[in-house]
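The values are calculated or read from the model by the stated rules, or taken from the named source; none is laboratory data. Computed from a predicted structure; not experimentally measured. Positions of Cβ are backbone-derived with ideal geometry, glycine not excepted, and every protein chain shown enters the neighbour counts. Note: accessible area is taken over every heavy atom of the protein model, side chains too, but ligands, DNA and RNA are not part of it. Shrake-Rupley method; radii C 1.70, N 1.55, O 1.52, S 1.80 Å.
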Amino acid sequence: GGVDKNNFTEKVLDEIKTLNLPKNLLITVVMGGSNPYLENVKSKVITLPYKTEIKVDTSNMAEIMANSDIAISAAGSTTWELCCLGLPTIHIVVAKNQITIAKSLEEYGAIILLKNIKNISKVINDRLDWMRKVSNNARLVSDGLGIKRVMGLLMNKKL
């Protein structure tokens, strides 16, 4: 995530390290340059048994998402982009203002919501059971045309 003040990125990487995943897996970690744990995460990445790259302050998030099979993300504003792309996502609530939308999307079946990072292994290992369903439901949440709808409404109103 951007700032990740509670260092969830490193905790997630610790859990990923324990998984028995294909060795040809590529993990992409996307972080903001102001993340206070950036150097810790860089050190952690070296210890992973999977090829892992770190992208800092990247400008091509849509491309990264489109080329991914699964995302693990905070339940912030990126949620809508992930849904629009239908990317199966495991969400972690990292702030109080994320709780309501994360729970709603979980109920809709558009995300997997983790209450405990230690559950990543169970979700990843059961991936065939949930990825297609979550992807299809996520696409129904956001089609990426919201700005056109808002502009259409504004243009039709006499301001």
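Just to verify a number: what accessible area does M151 come out at with the full protein assembly present, 1.4 Å probe, Å² rounded to tens?
That residue has around 90 Å² of solvent-accessible surface.
Could you give the accessible area per residue of the chain, probe 1.4 Å, as a whole number in Å²?
Numbers: 9930 Å² over 159 residues.
Result: 62 Å² of accessible area for each residue.
If you count only protein heavy atoms and use a 1.4 Å probe, how large is the accessible surface of T58, to the nearest 10 Å²?
That residue has around 40 Å² of solvent-accessible surface.
How long are the semi-axes of the ellipsoid equivalent to the stretch 112-152, from square roots of 5 times the Cα gyration tensor eigenvalues, in whole Å, largest first? Working shown, then result.
Working: eigenvalues 189, 32, 5 Å².
Three semi-axes, in Å: 31, 13, 5.
Within 10 Å of each candidate Cβ there may be at most 13 other Cβ atoms; applying that plus a DSSP loop requirement, which chymotrypsin sites (Phe, Trp or Tyr not before Pro) in the stretch 76-159 survive?
Filter output for the stretch 76-159: empty list.
Ignoring ligands and nucleic acids, what accessible area does K118 show with a 1.4 Å probe (Å², nearest 10)?
130
Can you give the relative contact order of the stretch 32-152 as a percent, counting alpha carbon pairs under 8 Å and 6+ residues apart?
Value for the stretch 32-152: 23 percent.
So what is the 222 nm mean residue ellipticity for the chain from helices alone, if each DSSP H run of at least 4 adds -39500 (n - 2.57) and you divide by all residues, rounding to the nearest 500 deg cm²/dmol?
Value at 222 nm, helices only, nearest 500: -13500 deg cm²/dmol.
Give me the distance between the Cα centres of the stretch 1-32 and the stretch 105-127, rounded to whole Å.
15
Which three numbers, in whole Å and largest first, are the semi-axes of the equivalent ellipsoid of the stretch 87-158 derived from its Cα gyration tensor as √(5λ)?
31, 15, 8
Ignoring any ligand, DNA or RNA, what whole percent of the accessible area of the stretch 89-159 comes from carbon and sulfur when the probe is 1.4 angstrom? Display every interim value, and only then the final one.
Values: 2920 of 5120 Å².
Ligands and nucleic acids excluded, carbon and sulfur reach 57 percent.
Could you give the distance between the Cα centres of the stretch 68-100 and the stretch 37-56, to the whole Å?
Between the Cα centre of the stretch 68-100 and that of the stretch 37-56, the gap is 21 Å.
How many Lys pairs in the stretch 1-97 lie less than 21 angstrom apart by Cα atoms, where the lysines are 8 or more positions apart or on different chains?
So the count of such lysine pairs works out to 21.
Take L154, L38 and sort them by solvent-accessible surface of the protein heavy atoms, 1.4 Å probe, largest at the top.
From most accessible down to least: L154, L38.
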